[in-house]
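Everything below concerns the one structure shown next.
The values are calculated or read from the model by the stated rules, or taken from the named source; none is laboratory data. No experiment lies behind these values; they were computed from the predicted model shown. Reconstructed Cβ throughout: ideal geometry from the backbone, glycine too, with neighbour counts over all protein chains shown. These area figures cover heavy atoms from the full protein model, side chains too; ligands, DNA and RNA do not enter into them. Shrake-Rupley method; radii C 1.70, N 1.55, O 1.52, S 1.80 Å.
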Amino acid sequence: MPGRTDEGGSAAVTERAEWRGSKFGAMSPAEVNDFLAGPWIARTACLKPDGSPYVFAAWYHWDGVAFWLVPRARSAWAHYLLADPRVSLIVDEPEPPIRKVVAEGSAVCIEAAVGPYLENGEMSVWNKIGTYETGPRYLGDKVSEYRGEVNVEPCWTFKIVPRKLTTWQGLGWAKRYSHTELHATDDNAPVIEPRYYA
């Protein structure tokens, strides 16, 4: 995956720390795809016209290269993305092993507030995404009941191709966050006591 980074190297997990996850470090592309196929929520940040941040939670579809988001026609964030396409999002899980994917990129408007069917009779992109991807993934056997009620409203379709994709798995710290001088070494050398002046 282009621009894919991690938050540090991987580390072996001892038997007593199995609850923290079987692996620490970046996820492989296959692991990313497997994780993002779950019914998680994308918390996404964009910018308002005055430059202040705006965060929203949304269903998403990940196709292996890009995230697809479907705002309702009157969603404020659709207009914010149209005015300024810079966007960041995170998809994570609340329980160990705490896998997460953080994406930074630009949003491209594929459809602007169109109905479920286009003038030529074809399904809109967002309708296809809802019918074949997000609807079944998030709602299971309730998908027809839910979509039958709302599938007359116009929606937008945005595609976000990450410029940078950062991944992590395992309940542990990346090496870059650790101050090695504060931890005991294998030879039981004394730990340096930090001095805090402020």
Grab the other residues whose beta carbon is less than 12 angstrom from that of Ile129, score K and R as +1, D and E as -1, and report the net. +1
Label point 7 Å out from Arg176 along Cα-to-Cβ: which residues of the stretch 62-101 have amide N under 12 Å? none
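In a shell of Cβ-Cβ distance under 12 Å around Ala66, excluding Ala66 itself, what net charge do Lys and Arg (+1) and Asp and Glu (-1) give?
Net of charged neighbours comes to +1.
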Roughly how many Å² is the accessible area per residue of the stretch 37-170, as a whole number, for a 1.4 Å probe? 52 Å²
Exceeding 28 Å between C-alpha atoms, which entries from my cross-link table qualify? They are Lys23/Lys128; Lys23/Lys142; Lys23/Lys159; Lys48/Lys100; Lys23/Lys164; Lys48/Lys175. Lys23/Lys128; Lys23/Lys142; Lys23/Lys159; Lys48/Lys175
